[in-house]
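The structure under discussion appears below in the form of structure tokens.
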Amino acid sequence: MAELLATILSSSRYDIAMIERDPAAVQLLAEPDELVPRDRTSLDGSMDAVVRRHDGEKEAIDAVRALRRRELLRLALGDVLGRIDLDALGRGLSDLAGATVGAALAVAVRGEPAGVPPIGVVAMGRWGGAEMSYASDADAMYVVPDDATPAQIAAAIRVVAKAASLLRLPGADPSLELDADLRPEGRDGAMVRTLGGYLSYYDRWSQTWEHQALIRAAYGAGDEDLVAQFLAGIDHLRWPPNGLDADEEMAIRRLKGRMETERIERGTDRRRNLKLGPGGLSDVEWTVQLMQLRHAGTVESLRTPSTMMALDACESEGLMTTDDAAVLRDAWQLASQLRNHTMLVRGRTSDQLPPDPRDLSAVAVQLGRNKGEASLLIDEYERTTRLASKVVDRLFWGHAE
């Protein structure tokens with residue numbers, strides 16, 4: 001335990017902050033085999049137990065957030081010590097987000113009189129793809145049954161707003177931001193809709209980018225049957241039987257170009273942006289999603305919210321070469337690891353590679369490099385993303401070599 005703790009204290013501000021909040025949590029190091037993600041059923045059971053144990057709203061949500069902090073620490077300790085891989089971490093963080101959101105809804109319902117309808121939470125983005133990072137928000141949409149009355153829908157809106165507020169409250173325990181901006185009509189749209197309301201909107205008014213966003217829709221929390229009905233109702237949009245036409249592909253490319261222009265912070269080195277830089281996370285994800293929109297209507301193995309599973313399917317179905325798939329896979333995984341371990345080292349989120357050489361050196365050591373090899377890690381990242389950018393130029397942008 002002492003050796004493991006010394007490793008943690010010398011390399012991860014993120015872990016240190018949580019250990020300072022709960023020193024007894026170092027007992028997790030007594031059983032290194034336990035530094036792996038708990039499954040969703042186990043997490044749901046623990047969250048339900050702490051909610052039932054506390055009658056007051058504040059006490060209940062404090063207990064939920066404390067349990068989430070303990071489970072985040074379990075994952076972070078396992079990550080720093082090399083006990084879990086990137087896929088397991090993404091699933092673990094996503095399952096933990098789902099269990100936490102479900103518990104927050106259960107707490108929020110207590111403040112409402114009888115009449116709150118079942119609420120299904122549709123996980124979107126990295127949450128839906130089971131690929132969350134330490135810094136990820138929980139992108140979500142909220143659905144209620146078609147027979148919900150206006151009064152019940154209003155109650156559901158209050159519950160959802162309360163749950164989001166409880167999870168984002170400032171405090172010693174890490175907050176979880178529930179982001180509903182991917183819902184129909186964005187920030188101007190209704191926070192909660194009926195199942196029929198969602199399906200009617202998507203069939204009549206939705207645009208290609210919204211169909212693309214639905215690729216990573218999955219069950220998040222709440223009423224599982226409602227979410228399953230929602231997913232069945234939008235499958236024909238995210239897996240279009242006839243693929244995409246030229247105008248739809250052009251619309252996707254225009255949106256990506258505009259997003260990169262608007263979201264990369266001015267004065268920063270675009271090449272060091274892990275998310276939006278050339279060959280980074282966004283490049284790989286949008287390329288894979290374009291393949292899914294083109295072919296998933298006829299290729300069933302592409303119908304998955306997971307980027308890496310879809311990329312594997314693209315390779316196995318012959319939609320891209322083994323070499324191209326390997327290049328994209330390496331770039332996505334390395335960028336994801338760098339993003340996660342930057343958070344572990346610095347204790348705060350960033351999409352940029354660390355500017356401080358000491359932080360960069362610590363990240364390199366966590367990723368299995370020797371001390372003093374930070375420059376080699378940068379060289380590897382630049383080489384990997386340069387190759388990925390060339391593949392993206394061909395497969396996404398349609399540029400000839």
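Beta-bridge orientation, the chain: approximately 65 percent antiparallel, per DSSP, counting only bridges with both partners inside. Computed over protein heavy atoms with a 1.4 Å probe, the accessible surface of the chain works out to 45 Å² per residue. Stretching the chain fully between A88 and R13 yields a gain of 24.8 nm (0.36 nm per residue, less the alpha carbon separation). Legend: residues L178, L169, L244, sorted from most to least accessible area (1.4 Å probe; ligands, DNA and RNA excluded), read L169, L244, L178.
At q = 0.13, 0.17, 0.21 Å⁻¹, what is the log10 ratio I(q)/I(0) for the range 354-401, with the Debye formula run over Cα points and no solvent? With no solvent term, the Cα-only Debye profile gives -0.42, -0.57, -0.68.
Judged by the mean number of other Cβ atoms found within 10 Å, the most tightly packed of the peptides 257-266, 219-228, 332-341 leads the ranking 332-341, 219-228, 257-266. May I ask you to list the lysines whose Cα is less than 29 Å away from that of K162, ignoring any residue fewer than eight positions away on the same chain? Answer for K162, where 29 Å is the Cα cut-off: K58, listed by chain and number. As a ratio to 2.2 N^0.38 Å, the alpha-carbon radius of gyration computed for the range 158-302 takes the value 1.20.
Would you mind telling me which residue in L237, L75, L29 has the biggest mean-square fluctuation in a Gaussian network model of the chain, where springs connect alpha carbons within a distance under 10 angstrom? Its mean-square fluctuation being the largest, the pick is L29.
Of all the options E112, E249, E31, the one that moves most in a Gaussian network model of the chain with Cα springs shorter than 10 angstrom is E31. The alpha carbons of the chain give a radius of gyration and a Dmax of 21.5, 64 Å, in that order.
Once the Cα-Cα distance is subtracted from the 0.36 nm per residue extended length, the D323 to A172 segment shows a gain of 49.8 nm. A viscosity of 1.567 mPa s and a temperature of 4 °C, combined with the Kirkwood radius over C-alpha pairs in the Stokes-Einstein formula, give the range 165-206 a diffusion coefficient of 106 µm²/s. Subtracting the Cα-Cα distance of D225 and A161 from 0.36 nm times their residue separation leaves 20.8 nm of extension gain. Using a probe of 1.4 Å on the protein chains alone, the accessible area found for T41 is around 110 Å². The modelled label-to-label distance between R394 and E265, using points 7 Å beyond Cα along the C-beta direction, is 3.5 nm. Straight-distance candidates among the aspartates and glutamates for linking to K256, with alpha-carbon spacing under 16 Å and chain neighbours fewer than 8 residues away dropped: E210, D247, E248, E265, D283, E285, D393. Say a paramagnetic label sat at a point 7 Å from the Cα of Q207, along Cα to Cβ; which residues of the range 100-128 have their backbone N under 20 Å from it? Within reach of a label on Q207, which here means backbone N under 20 Å from a point 7 Å along Cα→Cβ, the range 100-128 contributes 125.
Ranked by the mean number of other Cβ atoms within 10 Å of their residues, highest first, the peptides 97-108, 362-373 fall in the order 97-108, 362-373.
The values are calculated or read from the model by the stated rules, or taken from the named source; none is laboratory data. Only a predicted model underlies this, so the values are computations on that prediction, with no experimental measurement involved. Heads up, the Cβs are rebuilt from the backbone with ideal geometry, glycines too, and the neighbour counts pull from every protein chain shown. Note: accessible area is taken over every heavy atom of the protein model, side chains too, but ligands, DNA and RNA are not part of it. Shrake-Rupley method; radii C 1.70, N 1.55, O 1.52, S 1.80 Å.
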